[in-house]
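These notes concern the structure reproduced below.
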4 protein chains.
Amino acid sequence: MPIRAVVWGENVHEQTNATVAGLYPGGMHKAIADALNLDSGLSATTATLQEPEHGLPEARLAETDVLLWWGHAAHGDVSDEVVDRVAAQVWAGMGLIVLHSGHFSKIFKRLMGTPCGLTWREAGERERIWVTAPNHPIAAGLPAYFELENEEMYGEPFRVPEPLETVFIGWFQGGEVFRSGLTYRRGAGNVFYFQPGHETYPTYHDATVQQVLRNAVHWAHNPAARIGNVTDAPNRPVEDALEPIEARGPKLHAKGEAGFR
Amino acid sequence: MPIRAVVWGENVHEQTNATVAGLYPGGMHKAIADALNLDSGLSATTATLQEPEHGLPEARLAETDVLLWWGHAAHGDVSDEVVDRVAAQVWAGMGLIVLHSGHFSKIFKRLMGTPCGLTWREAGERERIWVTAPNHPIAAGLPAYFELENEEMYGEPFRVPEPLETVFIGWFQGGEVFRSGLTYRRGAGNVFYFQPGHETYPTYHDATVQQVLRNAVHWAHNPAARIGNVTDAPNRPVEDALEPIEARGPKLHAKGEAGFR
Amino acid sequence: MPIRAVVWGENVHEQTNATVAGLYPGGMHKAIADALNLDSGLSATTATLQEPEHGLPEARLAETDVLLWWGHAAHGDVSDEVVDRVAAQVWAGMGLIVLHSGHFSKIFKRLMGTPCGLTWREAGERERIWVTAPNHPIAAGLPAYFELENEEMYGEPFRVPEPLETVFIGWFQGGEVFRSGLTYRRGAGNVFYFQPGHETYPTYHDATVQQVLRNAVHWAHNPAARIGNVTDAPNRPVEDALEPIEARGPKLHAKGEAGFR
Amino acid sequence: MPIRAVVWGENVHEQTNATVAGLYPGGMHKAIADALNLDSGLSATTATLQEPEHGLPEARLAETDVLLWWGHAAHGDVSDEVVDRVAAQVWAGMGLIVLHSGHFSKIFKRLMGTPCGLTWREAGERERIWVTAPNHPIAAGLPAYFELENEEMYGEPFRVPEPLETVFIGWFQGGEVFRSGLTYRRGAGNVFYFQPGHETYPTYHDATVQQVLRNAVHWAHNPAARIGNVTDAPNRPVEDALEPIEARGPKLHAKGEAGFR
């Protein structure tokens, strides 16, 4: 069975900005999903902010292996309930790929535990993305570097935790650098942040960017069944202890009482 | 100047449970602060849930080098505004030490980005805490292991991100293990989680536990000035680029316009 | 094509100790290879110390996806040339799984850069191995913990670098703990250390241990082509610079000269 | 008592190359030691390849808190015995700062467990070094970035393990990037790699570079006493077990017998 990816698009500038609409007539989410579907091992669909529950009802997330997230102008319009829902699915094993301006999305900030800021400049400058982890699955088949003639500059410091691995570092024509590809694990969920993708440039039509996205979906996919009750803190009563022990000392909790949260 | 520590205590069971009140007549927070103040390089005061703004107004946090956090029964009563405030200070450089049942505090979950659950058993069993990172500053002066004759069992899986370093692992009499001392960096702030400290046992009167706490405050202290505007994403306009570049391509943002959030 | 695993066995105690010979009539390496071959996606063969080049000539390593290493009494008899060869293959992308007493093998110490010591006791005590990274590929299908009624105690501190991930932690009946499953990346090669496997106990006949080994081979396999010339430091001459620059300042190296090593 | 630093210099090009001799009349090691001694909390001396035991006899290392290492042309002339000795001291708690071309030194490769290669170009191009971990102790007092008008290009992929923390990333005029400041822990020893420092440029006269070096010595200093017998694997006999157990099952080792290595 192919890996089931859902590409979530904010779908705002595609509707309001002629440049973006021209580059991505079906929306950026559709362009990304189309790129994923070039790989017969992947099966990608889309969801957008404007749909009920932003297109991400519980039942759909339960059948999503990897979620890709592109947002920019409307981070604040994403409901906290959906963010909670996505976070819980990541902890339980769903993969998550956060794209470009998604660094400021509620879901990314929630999972990172940091502000996720950076510096930026919209000048259409050249970015050269270097592979720092050769033969990482996300870099499979890639050359030592690839170039995007026009990208938005994102600069350090990128206010995220130390990653599990740094896969890419970007060089910008105007003099900045950026950790452009970072991996994290949050619970059973694999998380990848990938910096390219400003909406006024044709980044998602670039063949190498598309290859990275396909690789990343494969990498982020956790084939194990989702972990149930991932936010619980189960009590293991003394009579069920794995080694024989006797209860000692004063107790706070009456028998069978749930823990505090 | 000594390092300024604030010990935050929920201060609930000290008021409602005779065992806890007996063990910690001035509250657990006071016992911990007293232990810190045995070190002339530290200056510790206390704050509690019941005080206005939980004792943590902005001005006080600005003058706090390291915050210690003990909470259990009333995590939900901590105002989100104070949690936001503490998180921002951590990102800017304040140290944070989260104790025992604080694993489920709002601030710890916020900074970790994971559910922070575990398994537990209140049976007064023996815990033996092994140093896995000998000569780590937090383990300075410690033997290879130390024992607490009565502790609450906290068991794996501990649902936190991979730490920067694993400093302690606990062995429990009933058969479980737990990563009892973990370090993280969140922005410029050093974060340490330390598992011992169930309120019905005299854990914070234990000399080795006290030594760990003093060590941890020293380790968590970042002497640099706090980072300002840590949640910003500053624009670097093209005319100020460090290398000479010319703006190219279509733009989303008018000149001087702030970025989306 | 199945993943090609080679199980390297020291094959000393199988020849000299009746207990070991009785438990593993074909050698521990054969028992492990048989366990791997239960998975149709794996194809495992064996190699031993006593064979020419320890059974690991360059050509065979080039066609090995994942190497498993069990050694104990004869670490010093492994030729440095073979160790160099294995290290180079790992850096280029071969997976490596180091078992039990292999913690003191030349290859593991070489890749870790630390002494890799631990404490130990041969008392046939019970070990309970806890999964600390639920749904990690190496823990796929495993319960929360599994037990080995007789294992050699390996205790902390385990003198290795901080791992990429801690997958397992072992609880020992005699009071110790040990990080029993640790992942590392060394170049393009995935490295996994797995603690159980004392030769006088039937550990490799345990179904859960066998499952871990199969999982680990899948995890360690890097499907990308090996990286060539992984120990080189290529010069990028100024005339081939990706951005136009002119050579400036004094030079140490004449044009075309190789770098120092 | 000030932190005792020893700056080890290969001291070859200072003797054979007029440019290097002109820039560093007393040798690069002296220039670095002088920069460290501007800080009254540091006390730096020097050692060179040409001295007996390369200036690093056991007794001196035992009294060295932090060792800085600059080598380039003569890595192969460093005796393996001295490398072993330095590695053992690092594992026991000595700090180590590896500079520039020291990436290919025997000691750095030994501690990393990887080839430590990179790409390079000697063209006197501009490097701009960005702080990726603001308020890290090694970046204390630094601006967001600093520039070296002439440096040797070192480019990714840098074939080292994932670091504990990435403190600096370098931008090069010719189009490359490099992780210019990386931290590691090896045993009780803190290790920092810092990329700038090509011998034909005045890098070590740069005030910001000097500040980084002073910061790094403070960071790398582990005030705890060195760990003894750091390469041992002590037996914990069954009669001394922390929890009462009885020996079971067949044994490989007679009582009191040392483990295999």
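Within region B:161-189, being of a type in the set (Val, Ile, Thr), touching a helix residue (DSSP H, G or I) at 6+ places or on another chain (Cβ under 9 Å) and crowded, with 24+ Cβ neighbours inside 10 Å holds for one residue alone: B:167.
Name the single residue, out of those in region D:135-157 being assigned to a loop (DSSP other than H, G, I, E, B) and surrounded by fewer than 22 Cβ atoms within 10 Å (Cβ to Cβ), that is nearest to the other protein chains (Cβ to nearest Cβ). Only one residue tops the list, namely D:140.
Looking at (1) crowded, with 21+ Cβ neighbours inside 10 Å; (2) out of contact with any strand residue (DSSP E or B) (no Cβ under 8 Å at 6 or more places or on another chain); (3) not in a loop (DSSP other than H, G, I, E, B), which is the only condition residue C:85 fails? Among (1) crowded, with 21+ Cβ neighbours inside 10 Å; (2) out of contact with any strand residue (DSSP E or B) (no Cβ under 8 Å at 6 or more places or on another chain); (3) not in a loop (DSSP other than H, G, I, E, B), the lone unmet condition for residue C:85 is (1).
Among the listed residues A:71, A:93, which satisfies the condition of being touching a residue at least 60 places away in the same chain (Cβ under 8 Å), small (Gly, Ala, Ser) and within 24 Å of residue A:15 (Cα to Cα)? So that I can check it myself, show each step before the final result.
Working: A:93 fails: within 24 Å of residue A:15 (Cα to Cα).
Criteria check complete, one pass: A:71.
Among A:38, A:42, which is surrounded by fewer than 20 Cβ atoms within 10 Å (Cβ to Cβ), over 27 Å from residue A:119 (Cα atoms) and more than 12 Å from chain B (Cβ to nearest Cβ)? Walk me through how you get there before you give the answer.
Numbers: A:42 fails: surrounded by fewer than 20 Cβ atoms within 10 Å (Cβ to Cβ).
Result: A:38 is the single residue among A:38, A:42 that is surrounded by fewer than 20 Cβ atoms within 10 Å (Cβ to Cβ), over 27 Å from residue A:119 (Cα atoms) and more than 12 Å from chain B (Cβ to nearest Cβ).
In region B:178-216, what count of residues is obtained for those that are over 26 Å from residue A:164 (Cα atoms) and not aromatic (Phe, Trp, Tyr)? Walk me through how you get there before you give the answer.
From region B:178-216, those over 26 Å from residue A:164 (Cα atoms) are B:196-215; that's our starting set.
Those left that are additionally not aromatic (Phe, Trp, Tyr): B:196-200, B:202-203, B:205-215.
Residues meeting the conditions: 18.
Say we look at region C:106-125 and pick out the residues that are of a type in the set (Lys, Arg) and in a helix (DSSP H, G or I); which of these is nearest to the other protein chains (Cβ to nearest Cβ)? Write out each step before concluding.
Taking region C:106-125 as the starting set, the residues that turn out to be of a type in the set (Lys, Arg) are C:106, C:109-110, C:121.
Filter again for in a helix (DSSP H, G or I), leaving C:106, C:109-110.
Working: C:106: 10, C:109: 8, C:110: 6 Å.
This residue is C:110.
Matching residues to (1) more than 15 Å from the chain's Cα centre (by Cα); (2) not polar (S, T, N, Q):
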{"site": "C:58", "(1), (2)": "yes, yes"}
{"site": "C:65", "(1), (2)": "no, yes"}
{"site": "C:73", "(1), (2)": "yes, yes"}
{"site": "C:79", "(1), (2)": "yes, no"}
{"site": "C:83", "(1), (2)": "no, yes"}
{"site": "C:122", "(1), (2)": "yes, yes"}
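Does residue A:64 qualify as being assigned to a loop (DSSP other than H, G, I, E, B), touching a strand residue (DSSP E or B) at 6+ places or on another chain (Cβ under 6 Å) and over 30 Å from residue D:161 (Cα atoms)?
Details: assigned to a loop (DSSP other than H, G, I, E, B): yes; touching a strand residue (DSSP E or B) at 6+ places or on another chain (Cβ under 6 Å): yes; over 30 Å from residue D:161 (Cα atoms): yes.
Considered against the rule, which asks whether it is assigned to a loop (DSSP other than H, G, I, E, B), touching a strand residue (DSSP E or B) at 6+ places or on another chain (Cβ under 6 Å) and over 30 Å from residue D:161 (Cα atoms), residue A:64 comes out as yes.
Against the conditions (1) more than 11 Å from chain D (Cβ to nearest Cβ); (2) within 25 Å of residue A:190 (Cα to Cα); (3) part of a loop (DSSP other than H, G, I, E, B); (4) of a type outside the set (A, V, I, L, M, F, W, C), residue C:162 satisfies every one except (1). Within the span defined as region D:114-131, one or more residues are in contact with a Leu (Cβ under 6 Å, 6 or more places away or on another chain) and without any contact (Cβ under 8 Å) to a residue 40 or more places away in the chain.
Every residue in region D:165-188 that is facing another protein chain (nearest Cβ under 9 Å), under 18 Å from the mean Cα position of the chain (by Cα) and farther than 16 Å from residue D:68 by Cα, please. Reasoning before the result, please.
Let us first name the residues in region D:165-188 that are facing another protein chain (nearest Cβ under 9 Å), namely D:165-166, D:169-179, D:184-188.
Going one step further and asking which of them are under 18 Å from the mean Cα position of the chain (by Cα), we end up with D:165-166, D:169, D:178-179, D:184-188.
Selection gives D:165, D:166, D:169, D:178, D:179, D:187, D:188.
Of all the residues in region A:212-235, those that are under 19 Å from the mean Cα position of the chain (by Cα) and over 19 Å from residue A:61 (Cβ atoms) number 6. Within region D:189-197, is there a residue that is over 16 Å from the mean Cα position of the chain (by Cα) and facing another protein chain (nearest Cβ under 10 Å)? Within region D:189-197, none of the residues are over 16 Å from the mean Cα position of the chain (by Cα) and facing another protein chain (nearest Cβ under 10 Å).
For region D:190-232, what are the residues that are of a type in the set (Gly, Ala, Ser) and surrounded by fewer than 21 Cβ atoms within 10 Å (Cβ to Cβ)? Before you say what the answer is, go through the steps one by one.
Our first condition is that a residue be of a type in the set (Gly, Ala, Ser); within region D:190-232, this holds for D:197, D:207, D:216, D:220, D:224-225, D:228.
Within region D:190-232, D:207, D:224, D:225, D:228 meet the criteria.
Note on region A:110-134: residues that are under 19 Å from residue A:10 (Cβ atoms) and either hydroxyl-bearing (Ser, Thr, Tyr) or surrounded by fewer than 21 Cβ atoms within 10 Å (Cβ to Cβ) (or both) total 1.
Residue check: residue D:72 meets all listed conditions (1) over 26 Å from residue D:41 (Cβ atoms); (2) assigned to a helix (DSSP H, G or I) but one, namely (2).
Residues of region C:87-105 that are within 11 Å of the chain's Cα centre (by Cα), of a type outside the set (Gly, Ala, Ser), within 12 Å of chain D (Cβ to nearest Cβ) and on the phi < 0 side of the Ramachandran plot: C:90, C:96, C:103.
Look at residue C:78 and say whether it is farther than 30 Å from residue B:116 by Cβ, touching a residue at least 24 places away in the same chain (Cβ under 8 Å) and surrounded by 23 or more Cβ atoms within 10 Å (Cβ to Cβ).
no
Would you pick out the residues in region B:218-252 that are more than 7 Å from every other protein chain (Cβ to nearest Cβ), hydrophobic (A, V, I, L, M, F, W, C) and part of a loop (DSSP other than H, G, I, E, B)? Scanning region B:218-252 gives a single hit, B:225.
Regarding residue D:60, is this residue without any contact (Cβ under 8 Å) to a residue 60 or more places away in the chain and at the interface with another protein chain (Cβ under 9 Å from one of its Cβ atoms)? Before you say what the answer is, go through the steps one by one.
Values: without any contact (Cβ under 8 Å) to a residue 60 or more places away in the chain: yes; at the interface with another protein chain (Cβ under 9 Å from one of its Cβ atoms): no.
Criteria not met by residue D:60.
Each residue in region D:13-36 was checked for being at pLDDT 95 or above, on the phi < 0 side of the Ramachandran plot and not in a helix (DSSP H, G or I), and 3 of them qualify. Here is a list: C:165, C:239. Which entry is out of contact with any strand residue (DSSP E or B) (no Cβ under 8 Å at 6 or more places or on another chain) and not basic (Lys, Arg)? That would be C:239, the only listed residue that is out of contact with any strand residue (DSSP E or B) (no Cβ under 8 Å at 6 or more places or on another chain) and not basic (Lys, Arg).
Being within 11 Å of chain C (Cβ to nearest Cβ), free of Cβ contacts under 8 Å to residues at least 24 places away in the same chain and touching an Asp or Glu at 6+ places or on another chain (Cβ under 6 Å): is that true of residue D:255 here?
On the way: within 11 Å of chain C (Cβ to nearest Cβ): yes; free of Cβ contacts under 8 Å to residues at least 24 places away in the same chain: yes; touching an Asp or Glu at 6+ places or on another chain (Cβ under 6 Å): no.
So residue D:255 fails the test.
Return a yes/no flag: does region A:156-170 have any residue that is in contact with a Cys (Cβ under 7 Å, 6 or more places away or on another chain) and not charged (D, E, K, R). Yes: region A:156-170 contains one or more residues that are in contact with a Cys (Cβ under 7 Å, 6 or more places away or on another chain) and not charged (D, E, K, R). Within region A:132-148, the set of residues being β-branched (Val, Ile, Thr) and without any contact (Cβ under 8 Å) to a residue 60 or more places away in the chain comprises A:132 only.
The values are calculated or read from the model by the stated rules, or taken from the named source; none is laboratory data. Keep in mind it's a predicted model, so treat the numbers as computed, not measured. Here Cβ is always computed from backbone atoms with ideal geometry, including for glycine, and neighbour counts include all displayed protein chains.
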